[in-house]
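Note sheet for the following structure.
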Amino acid sequence: MMDWSDRACRFFHRQMTRHALLYTEMVTAQAIRHGDREHLIGFDPREQPVALQIGGSDPKLLAEAARWGEDFGYCEVNLNVGCPSDRVQEGRFGACLMAEPQLVADCVAAMRQAVRVPVTVKCRIGIDDQDEDEDLDRFIRTVSATGCSTFVIHARKAWLQGLSPKENREVPPLNYERVYRIKKAWPGLVIVINGGIVTLDEAEAHLAHVDGVMLGRAAYHTPWILSGVDQRFFGTPASSLTRADVVERIKPYISAELARQPGLARMTRHILGLYHGEPGGRVWRRVLSENAHRRGAGLEVLDQALAAVTEQAHRLMAAE
């Protein structure tokens, strides 16, 4: 979710679910040491609960980054060992580290020693020509020996040679059974499944076999799915929240962000899918896409988009 789940995206998603754990985009430990930390890992406390996802392969540097994450207030630090991009491989982090389980264990051990919050790992079921069963078992066994008890497993291999990052999210076949077998083999671990899950019905079916479900692209492209999470999985009463209510809730946040740094489109890009599959969904996307990037664009663009959605819905009702 690099370049997707930034702070504006997370604030928007938090309006639809109070309890789901949100993750940052992956930030490298090197960037946290040398970059603008407030820009890279700063967040609004109203986003909580939120986990910081870090990339890297230097135990000392990762421990330092984890400490910064804890100091900033994150409730979890996650080491990403699943991202297959070329940039990541060149820096010796992400999915290529699945070939070096002992190094990952050293990194996790250093991070755990540095912080009190949980340190978790996100990985794939394998990479390239690895044997799915033996190599994944070895990876889980080696890393869990450090005391790490939570693994988020993307149920696809990553092909580091021959497939682009986009293709690696879609081409390698899903193997949910492999993740289920890990849970059976390691019942004391918290196993969270990820990959290709697009509905809450699917998520509920997976929970018969594992401890948790991570939604990525489904949460981003069809964000209203999150509005059903709290009632279905956390036992809260049904919400009367509407999509228009969500827009009203994020307006003060957007206004404050615009005062800090102009540029409406950097925030509205995350809400394009709010009306996905609904009457007026296309006009919502069109109004935002055509107007949010304009110089000086502000909250009036959201008002225009909402008005266009309402008008389209009334038109469709009148035509029935």
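The values are calculated or read from the model by the stated rules, or taken from the named source; none is laboratory data. Quick caveat: nothing in here was measured; it's all calculated off a predicted structure. Surface areas here come from the heavy atoms of the whole protein model, side chains and all, with no ligands, DNA or RNA. Shrake-Rupley method; radii C 1.70, N 1.55, O 1.52, S 1.80 Å.
Structure data summary
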{"read-out": "Solvent-accessible area of Glu248 with every protein chain in place, 1.4 Å probe, in Å² to the nearest 10", "value": "90 Å²"}
{"read-out": "Whole-number Å³ per residue for the convex hull built on Cα positions in the range 243-320", "value": "74 Å³"}
{"read-out": "Kirkwood Rh and Cα Rg combined as Rg/Rh, the range 103-243", "value": "1.00"}
{"read-out": "Reach of Lys251 by Cα under 13 Å, taken over aspartates and glutamates that are not fewer than 8 positions away in the same chain", "value": "Glu300, Asp303"}
{"read-out": "Heavy-atom accessible surface of the chain: percent carbon and sulfur, 1.4 Å", "value": "51 percent"}
{"read-out": "Surface accessible to a 1.4 Å probe, per residue, for the residues of the range 100-211, Å²", "value": "45 Å²"}
{"read-out": "Average Cα contact separation per residue, the range 6-83, under 8 Å, 6 or more apart, as relative contact order %", "value": "32 percent"}
{"read-out": "Hull volume in cubic angstrom per residue (convex hull over the Cα atoms of the range 1-111)", "value": "95 Å³"}
{"read-out": "Percent antiparallel among DSSP beta bridges (both partners in the chain, rounded to 5)", "value": "0 percent"}
{"read-out": "Normalised convex hull volume, the chain, alpha-carbon set, Å³ per residue", "value": "148 Å³"}
{"read-out": "Rotationally averaged projected area of the range 174-236 (alpha carbon convex hull; nm²)", "value": "4.4 nm²"}
{"read-out": "Per-residue SASA entry for Ser289, accessible area with 1.4 Å probe, Å² rounded to 10", "value": "70 Å²"}
